[in-house]
Number of protein chains: 2
Amino acid sequence: MDFVKETSERGVTERDFELKVDSELVPGVLWTPENADGTRPTVLIGHGGTQHKRVPNVVALARRLVRHLGYAAVALDAPGHGDRVTDPEAAERSRQALQSRIAGGTGGARGDRQFSPEEAKAWTERTRSGVREWRALVDELSSVPGLDEGPFGYWGVSMGTAIGLPFVSQEPRIAAAVLGLAGLNNRPGGDDFEKAARALTPPILFLFQWDDELMTRESGIALFDAIGSTEKTMHVNPGGHVQMPLFERDAVEAFFRRHLGVANQ
Amino acid sequence: MDFVKETSERGVTERDFELKVDSELVPGVLWTPENADGTRPTVLIGHGGTQHKRVPNVVALARRLVRHLGYAAVALDAPGHGDRVTDPEAAERSRQALQSRIAGGTGGARGDRQFSPEEAKAWTERTRSGVREWRALVDELSSVPGLDEGPFGYWGVSMGTAIGLPFVSQEPRIAAAVLGLAGLNNRPGGDDFEKAARALTPPILFLFQWDDELMTRESGIALFDAIGSTEKTMHVNPGGHVQMPLFERDAVEAFFRRHLGVANQ
């Protein structure tokens with residue numbers, strides 16, 4: 001974990017880093033309280049599809065966790081995302097395709113996306129790499145003074161759940177996770193995904209949008225139902241995939257505070 | 001609203017009162033901050049079936065709202081409940097019948113309760129009287145110094161929703177409500193209940209138990225779906241009718257704080 005840049009703003013120190021995983025350098029950001037001493041919980045934040053590690057909702061959540069709870073927060077660019085985009089035109093086409101699926105999504109069509117064999121292969125590989133990178137990050141954090149003892153939490157919806165759910169399911173060091181905007185539908189590797197959901201054990205807050213253009217209500221309920229954790233809560237709000245109410249951020253903060261405690265400054 | 005008794009404990013003043021509605025005296029409790037001055041929001045708390053105005057979860061919620069937010073809270077004995085029980089043996093039989101429905105409830109049988117014509121008539125009359133009494137209470141509160149300007153909120157699950165949902169639906173002075181543990185099923189007056197749900201406009205927090213022995217998941221989802229309010233959120237947790245996790249009390253507090261604001265002490 002090589003820190004390459006550091007800035008501080010209103011009590012929050014932000015450090016860019018590169019994490020070596022196999023032969024690749026994965027760019028990330030670590031947020032901590034300015035002049036932090038003592039120990040603190042860390043929340044890993046997984047961004048959504050076509051987004052990147054510094055997208056506004058990721059930064060807003062990170063700063064809130066630092067300022068309100070004294071936590072550390074950390075984000076990575078997912079495989080093929082952010083600074084890891086190798087073909088900007090293809091990335092832009094993906095972004096537009098996602099936007100048009102959201103714009104065109106209506107009841108009947110929801111959750112019916114078909115994947116070409118290439119798309120399915122890319123999705124599966126991205127998930128596998130993403131899981132491996134999060135695990136490497138927790139390994140690294142375990143030697144960062146003040147963060148090394150955890151506890152660790154995870155937050156990620158949509159693609160952040162596609163990658164994060166299997167990660168959390170395999171990673172006993174994650175003590176609590178916020179997932180959502182995902183369902184049990186015709187996703188590539190769907191059987192493995194469902195199996196991972198059933199194997200989950202930490203407390204889960206599952207956020208779902210009632211009118212999500214990308215999936216049916218039934219698929220979201222089926223995923224919540226499959227989650228194996230004894231403590232799990234589903235929050236359902238009206239509105240589409242990108243219309244989650246801001247007050248759910250308060251619920252996320254309360255959830256992490258309950259399970260990860262507060263910083264020992 | 002005649003106050004008949006007053007005690008204070010750890011910052012909370014509790015006053016018993018009797019509210020005259022038509023020819024009946026309805027017993028209630030008002031909780032306020034000790035030595036309260038200034039103005040404050042008030043939350044009306046409707047207890048569950050076979051319970052009464054001073055059942056532990058009602059008192060706990062009232063004290064929390066007073067201590068954490070500086071609110072007032074008020075509860076009434078529902079028609080035929082608490083101090084208004086006229087036939088203690090029949091009330092005890094009802095309580096035992098409810099307990100055995102909860103104990104014996106399993107997937108297939110959920111929501112299939114059949115009502116005799118007498119039970120259906122009693123349910124409908126209780127709802128009508130309960131709604132009238134809450135409305136009379138808000139009329140009264142509107143002349144209690146410090147509470148007179150509201151805003152007013154409502155909390156009630158199970159029977160607290162059976163009575164409270166139609167009440168809130170008809171009462172524009174209620175600015176936000178917590179409902180739950182109820183569904184669109186074969187309840188007496190079900191059509192009116194659904195109509196009232198569709199007519200709701202204030203923000204609603206709808207609490208539901210995923211393994212509720214008294215109703216199906218589908219009936220709860222159908223009720224959430226029917227709620228007409230633009231802002232509505234459903235919280236789903238595993239467990240039975242009386243197993244709602246205590247952390248939902250934090251969510252209730254955050255919900256009221258968001259919509260009713262804080263006291264002006």
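The values are calculated or read from the model by the stated rules, or taken from the named source; none is laboratory data. From a predicted model like this one, the values you see are computed outputs, not experimental measurements. Every residue, glycine as well, gets a Cβ built from its backbone with ideal geometry; the counts of neighbours run over all protein chains shown.
Miscellaneous remarks
- Members of region A:3-48 that are among the basic types (Lys, Arg), over 15 Å from A:Ala73 (Cα atoms) and in contact with a helix residue (DSSP H, G or I) (Cβ under 9 Å, 6 or more places away or on another chain): A:Arg10, A:Lys20
- Scan of region B:108-129 for residues that are in a loop (DSSP other than H, G, I, E, B) and at pLDDT below 70, ordered by number: B:Arg110, B:Gly111, B:Asp112
- Within region A:18-47, the set of residues being within 15 Å of A:Trp134 (Cβ to Cβ) and hydrophobic (A, V, I, L, M, F, W, C) comprises A:Leu19, A:Val21, A:Val26, A:Val29, A:Leu30, A:Val43, A:Leu44, A:Ile45.
Yes/no per residue for (1) of a type in the set (S, T, N, Q); (2) surrounded by 24 or more Cβ atoms within 10 Å (Cβ to Cβ):
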{"position": "A:Gly150", "(1), (2)": "no, no"}
{"position": "A:Gly153", "(1), (2)": "no, yes"}
{"position": "A:Gly156", "(1), (2)": "no, yes"}
{"position": "A:Phe167", "(1), (2)": "no, yes"}
{"position": "A:Gln170", "(1), (2)": "yes, no"}
{"position": "A:Ala177", "(1), (2)": "no, yes"}
{"position": "A:Gly180", "(1), (2)": "no, yes"}
{"position": "A:Asn185", "(1), (2)": "yes, no"}
{"position": "A:Gly189", "(1), (2)": "no, no"}
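- In region A:11-30, the residues that are over 14 Å from A:Glu140 (Cα atoms) and either without any contact (Cβ under 8 Å) to a residue 40 or more places away in the chain or assigned to a strand (DSSP E or B) (or both): A:Val12, A:Thr13, A:Glu14, A:Arg15, A:Asp16, A:Ser23, A:Glu24
- Helices (runs of 4 or more DSSP H) (entirely within region A:166-265) containing at least 2 residues that are more than 14 Å from chain B (Cβ to nearest Cβ) and farther than 26 Å from A:Val66 by Cα: A:190-199
- Residue count for region A:64-105, restricted to those that are closer than 22 Å to A:Ser23 by Cα, of a type in the set (A, V, I, L, M, F, W, C) and surrounded by 21 or more Cβ atoms within 10 Å (Cβ to Cβ): 4
- Identity of the residue in region B:33-49, in contact (Cβ under 8 Å) with a residue 60 or more places away in the chain and assigned to a loop (DSSP other than H, G, I, E, B), that ends up nearest to B:Ala175 (Cα to Cα): B:Pro41
- Considering (1) of a type outside the set (Lys, Arg); (2) part of a helix (DSSP H, G or I); (3) modelled with pLDDT of 95 or more, the lone condition that B:Glu89 does not fulfil carries the number (3).
- Out of B:Ala72, B:Ala136, B:Ala78, one residue alone is touching a Lys or Arg at 6+ places or on another chain (Cβ under 6 Å) and of a type outside the set (Lys, Arg). It is B:Ala72.
- Qualifying positions in region B:28-51 - surrounded by fewer than 19 Cβ atoms within 10 Å (Cβ to Cβ) and of a type outside the set (Gly, Ala, Ser): B:Glu34, B:Asn35, B:Asp37, B:Thr39
- Of the residues screened, B:Leu214 is not one that is buried (at least 17 other Cβ atoms within 10 Å of the Cβ) and either at pLDDT 95 or above or farther than 17 Å from B:Met159 by Cα (or both).
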